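Please read the structure below before turning to the comments.
Here, each number is a calculation from the coordinates, and none is a lab measurement. Quick caveat, the model's predicted, so the values are computed rather than measured. For neighbour counting, all protein chains shown are included, and Cβ atoms are generated from backbone atoms with ideal geometry for every residue, glycine included.
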Amino acid sequence: MALRLFDHPLSPYSQKVKIALREKGVAFEARLPTGLGSGAQNDGLGAASPRGEVPALVLETGEALFESTVLLEFIEERWPEPPLAPSTPLGRARARMIEEAMDTHYEAINWALGEIHHFGRSDGALRDQLLAGAEADLTRWYAWLEAQLGDAPWFGGEGFGWADAAVLPHLLGSEAFGLGPAPERPLGAYLARGRERPSVQAGREEIAALGTGGASLEAVRAALEAGLFKREYRDHRLEWMMRHGGLAVVQEGLDRGNIRFTEPFSADGILPGALP
Ligand SMILES: N[C@@H](CCC(=O)N[C@@H](CS)C(=O)NCC(=O)O)C(=O)O
């Protein structure tokens, strides 16, 4: 059995894992959602990720792993060459620190922007307030990231590495909403460099190839409207909405049945309505 990755091209967590696999030349089969709604978990994602989240990696033996950070660690250990982790303990700690900040904090901004721009979750004054909050937050994050980058070409120093695999998908996500780092800033120049990296470029082509097919934004939007698919509000996403006064967005999604929280794990897999 080939190495299989449950994937959605728009997921920054999936992108991170695919960048790592591609940097290491590891062949894998990307499995996109084949349908939306309760039947979709038949595809096996529910068994691979009890949270119903992408990415999840199914090994040649059939064993499955989920959580992108866990996957990145596994990939680095199983296919050590070329290394993505910096060579020193401090370098590795810094890379993980940046990854953690991006995945469990920064990501909430792009998530909220998706809720607004892709799924029309707010309008009027609330929409303006959330968009202004996202822009203000990004300005602060960009300053922090520039301080982390310093004069180096990559977050790991001279070579492309772990932290770059973690940062670039999120920056590209912000850029897609028209809020990327200014091109003349060091972080904008970094993003331009990263965009050209073949492992990153491959992911961008996968997004473009989504078109209007079954895994496209249009399909997700339709499933959401029909209440067949629920977006998952884990910790930092909920916190972001509350912090910016958008609790009504979450409440409305819960009332309409197209927002979910994370359920306790069960031996039977995930509840209907999670990502297929
Ligand atoms: N902490 C997880 C986050 C994964 C995650 O949130 N994936 C999103 C896509 S970006 C997902 O599958 N969401 C399912 C949903 O919204 O129902 C990881 O690092 O793998």
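Going by a ≥ b ≥ c, the root eigenvalues of the Cα gyration tensor, does the range 129-255 fall in the rounded group (a/c under 1.5), the prolate group (a/b larger than b/c) or the oblate group? All intermediate terms of the calculation are to be shown ahead of the outcome.
On the way: a/c = 2.49, a/b = 1.42, b/c = 1.75.
Note, shape of the range 129-255 comes out oblate.
Roughly what % antiparallel, to the nearest 5, for the DSSP beta bridges in the chain?
Values: 7 of 12 bridges.
So the antiparallel bridges in the chain amount to around 60 percent.
Please list, ordered by chain and number, the residues whose modelled amide H lies under 5 Å from the amide H of Glu232; skip anything fewer than 5 residues away on the same chain.
Arg260
Taking θ as phi - 60°, what are the ³J(HN,Hα) couplings along the range 174-181 by the Karplus curve (6.51, -1.76, 1.60), each to the nearest whole Hz, with x for Gly and Pro?
5, 4, 5, 8, x, 10, x, x
Name the long-range amide H neighbours of Arg31: under 5 Å, sequence gap of 5 or more, or other chain; modelled H, no Pro or chain starts.
Leu5, Phe6, Asp7
So, how do all the Cα-to-Cα distances of the range 4-78 break down into 10 Å bins, in percent, from 0 on up?
Whole-percent P(r) values from 0 Å outward: 20, 58, 20, 2.
Using a ≥ b ≥ c from the Cα gyration tensor of the range 15-153 (square roots of the eigenvalues), is it rounded, prolate or oblate, where a/c under 1.5 gives rounded and otherwise the larger of a/b and b/c decides, a/b for prolate?
On the way: a/c = 2.81, a/b = 1.12, b/c = 2.51.
The shape class here is oblate.
Quick check: the distance between the Cα centres of the range 222-250 and the range 167-210, to the nearest angstrom?
The range 222-250 and the range 167-210 have Cα centres separated by 25 Å.
About its Cα centre, what dipole magnitude does the chain give when the only charges are +1 on Lys and Arg Cβ and -1 on Asp and Glu Cβ, stated in debye to the nearest 20? Intermediate values should be presented prior to the final figure.
On the way: 27 positive and 39 negative charges, 29 e Å.
Approximately 140 debye in magnitude.
Quick check: from the Cα gyration tensor, does the chain come out rounded (a/c under 1.5), prolate or oblate? Each step should come with its number before you reach the end.
Details: a/c = 1.76, a/b = 1.12, b/c = 1.58.
Verdict is oblate for the chain.
If the only charges are +1 at each Lys and Arg Cβ and -1 at each Asp and Glu Cβ, what is the size of the charge dipole of the range 4-78 around the Cα centre, to the nearest 20 debye? Could the numbers behind the result be given before it?
Numbers: 8 positive and 11 negative charges, 41 e Å.
With only Lys, Arg, Asp and Glu charged at Cβ, the dipole is about 200 debye.
Under a plain spin-label model, where a point goes 7 Å from the Cα along Cα-to-Cβ, how far apart in nm are Asp123 and Val70?
Taking the two extended label points, one gets 4.2 nm.
How high is the relative contact order of the chain, in percent, with contacts defined as C-alpha pairs under 8 Å that are six or more residues apart? Each step should come with its number before you reach the end.
Numbers: 390 pairs, mean separation 80.0, N = 276.
So the answer I get is 29 percent.
For the range 162-268, give the magnitude of the charge dipole about the Cα centre (Cβ charges: +1 Lys/Arg, -1 Asp/Glu; no others), in debye to the nearest 20.
Numbers: 13 positive and 15 negative charges, 42 e Å.
Computed charge dipole of the range 162-268: roughly 200 debye.
For the chain, with the dipole built from +1 on Lys and Arg beta-carbon atoms and -1 on Asp and Glu ones, taken about the Cα centre, which of Gly178, Gly124, Val70 lies farthest toward the positive end?
Positive-end residue among those listed: Gly124.
Counting other C-beta atoms within 10 Å, and keeping those with at most 16, which DSSP coil chymotrypsin sites (Phe, Trp or Tyr not before Pro) do you find in the range 182-267? Kindly include the intermediate steps, with their values, before the conclusion.
On the way: sites: Tyr190, Phe229, Tyr233, Trp240, Phe261, Phe265; in loops: Phe229, Tyr233, Phe261, Phe265.
The qualifying sites are Phe261, Phe265.
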